1. Restricting to the stretch 128-142, give me the number of residues that are among the hydrophobic types (A, V, I, L, M, F, W, C) and over 11 Å from the mean Cα position of the chain (by Cα).
2. Quick check, is E166 of a type in the set (D, E, K, R) and within 12 Å of the ligand (Cβ to nearest atom)?
3. What is the number of the single condition among (1) touching a helix residue (DSSP H, G or I) at 6+ places or on another chain (Cβ under 6 Å); (2) modelled with pLDDT of 95 or more that E327 does not meet?
4. Out of the residues in the stretch 183-193 meeting the condition of being surrounded by 17 or more Cβ atoms within 10 Å (Cβ to Cβ) and near the ligand (Cβ under 10 Å from one of its atoms), tell me which one is nearest to N71 (Cα to Cα).
5. Quick check on my filter: what residues within the stretch 263-315 are among the aromatic types (F, W, Y), surrounded by 21 or more Cβ atoms within 10 Å (Cβ to Cβ) and within 30 Å of I142 (Cα to Cα)?
6. Name the helices (runs of 4 or more DSSP H) wholly inside the stretch 1-119 in which the number of residues that are without any contact (Cβ under 8 Å) to a residue 24 or more places away in the chain is 1 or more.
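The values are calculated or read from the model by the stated rules, or taken from the named source; none is laboratory data. Computed from a predicted structure; not experimentally measured. Here the Cβ positions follow ideal geometry from the backbone for every residue, glycine too, while neighbour counts run over all protein chains shown.
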Amino acid sequence: MNDTKIPIAQPDLTGSELEYVTDCLTSTWISSSGKYISEFESITASYCGSNHGVSVSSGTTALHLALEALNIGAGDEVIVPNLTFAASANAVKHAHATPVLVDICREDGNINWRLIEAEITPRTKAIIPVHLFGNPCDMGAILAIARKHKIFVIEDCAESLGASWEGSKVGSFGDISCFSFFANKIITTGEGGMCVTNSRDLAERMRFLKNHGMDQNRRYWHPEVGFNYRMTNIQAAIGLAQIERIDSLLSAREKLANHYDAGLADIDGLDFLRPNQGGESVCWLYSLIVNDQFPVSRDGLIKELTLKGIESRPFFFPLNMMPPYKEQKSFPDSDYLSNRGLSLPTSSLLQEQEIERVLDAVRVSSSQQQQDHFTSTSEL
Ligand SMILES: *Cc1c(COP(=O)(O)O)cnc(C)c1O
């Protein structure tokens, strides 16, 4: 058996990344000034169909900066899906506002927009729809609610660069939209993020706040308390090399998803997240829902994959289960997906034989008898 480890994710840095980074080092432009920053910002914003890009140090600081630029703070409420990476809600706390949790839909994993209006109060300032695992939210429905109640929309696009809703890319809908370029995202800068917006005023305000709140025309004059949320030229150099290859990176992921789809189609007990009609997904992490017909539980399947050298990961915990966001209210669809969801290795560098190895491992688990599960696991 070939048991080289197959990682859950791996960045593909095989384009101009090394050349551009070397240029930063040899030119000594390694900090937060330099040509790669503005180039990366403008190409990424225009790829998303947005006018302005403001690079930052992470996806989390992108979300916090967006909230600060929209003047959202103490006493304000922000609607957040209950099933997301914690940073979507942490950023709301960083701004001293209150996240209000809304359940998701088990079909696509995204915020259930039908439940949003019931949570809107006079304090509600914004909705943060998260396009989970690369599936776009129903932006038509969400924008209609936001317009009706005159609240902002901040898209969390950290997992979904390149996905679209009714022909427009995610990132083009929100008042401000936020991306992450952590190493396992669609494109990476190591650590990094970006806010995109169509508003020149908001873009200027974000540039001001991310640079210590320093007056752009009067050096070392700080009319407000700002942040240091800047991206470095080295990070932007990696990012530029990545966004230049976005089409081929995404098509490699699509090919991988098709391969997994075909290989898993005839296995009972597995469901898949699918976008609503009008949505076109990108494959951030190829994800399965292990339903009760499957002979092994989700955690059992993760264990068996691990024994075969295949890394996988469970879905996020519902926010309402964790200490900072503890809430007694029930969120049945978050619980359902959180208990049954897992992601398989997803990278544009994955070889066909590696995908076959993952598929074989899932097939072996699927053909077990329920009662054999524990003995067979310990024998391996
Ligand atoms: C990764 C991620 C973030 C945070 O991005 P960082 O760059 O790690 O700070 C925010 N929201 C979601 C949905 C994410 O997946």
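1. 5
2. Spelling it out, it is not the case that E166 is of a type in the set (D, E, K, R) and within 12 Å of the ligand (Cβ to nearest atom).
3. All conditions pass for E327, except number (2).
4. G193
5. W284, Y286, F315
6. Per the criteria, 17-27, 35-47.
For every residue, the table says whether it meets (1) within 16 Å of the ligand (Cβ to nearest atom); (2) under 22 Å from the mean Cα position of the chain (by Cα).
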| position | (1), (2) |
| --- | --- |
| N211 | no, no |
| N217 | no, no |
| F227 | yes, no |
| T232 | yes, yes |
| A237 | no, yes |
| I246 | no, yes |
| L249 | no, yes |
| Y260 | no, yes |
| V290 | no, yes |
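Residue-wise test of (1) within 16 Å of the ligand (Cβ to nearest atom); (2) out of contact with any Ser or Thr (no Cβ under 7 Å at 6 or more places or on another chain); (3) over 30 Å from I79 (Cα atoms); (4) at pLDDT below 95.
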{"site": "S16", "(1), (2), (3), (4)": "no, yes, yes, no"}
{"site": "T22", "(1), (2), (3), (4)": "no, yes, yes, no"}
{"site": "W29", "(1), (2), (3), (4)": "no, yes, yes, no"}
{"site": "S32", "(1), (2), (3), (4)": "no, no, yes, yes"}
{"site": "Y36", "(1), (2), (3), (4)": "no, yes, yes, no"}
{"site": "T60", "(1), (2), (3), (4)": "yes, yes, no, no"}
{"site": "A69", "(1), (2), (3), (4)": "no, yes, no, no"}
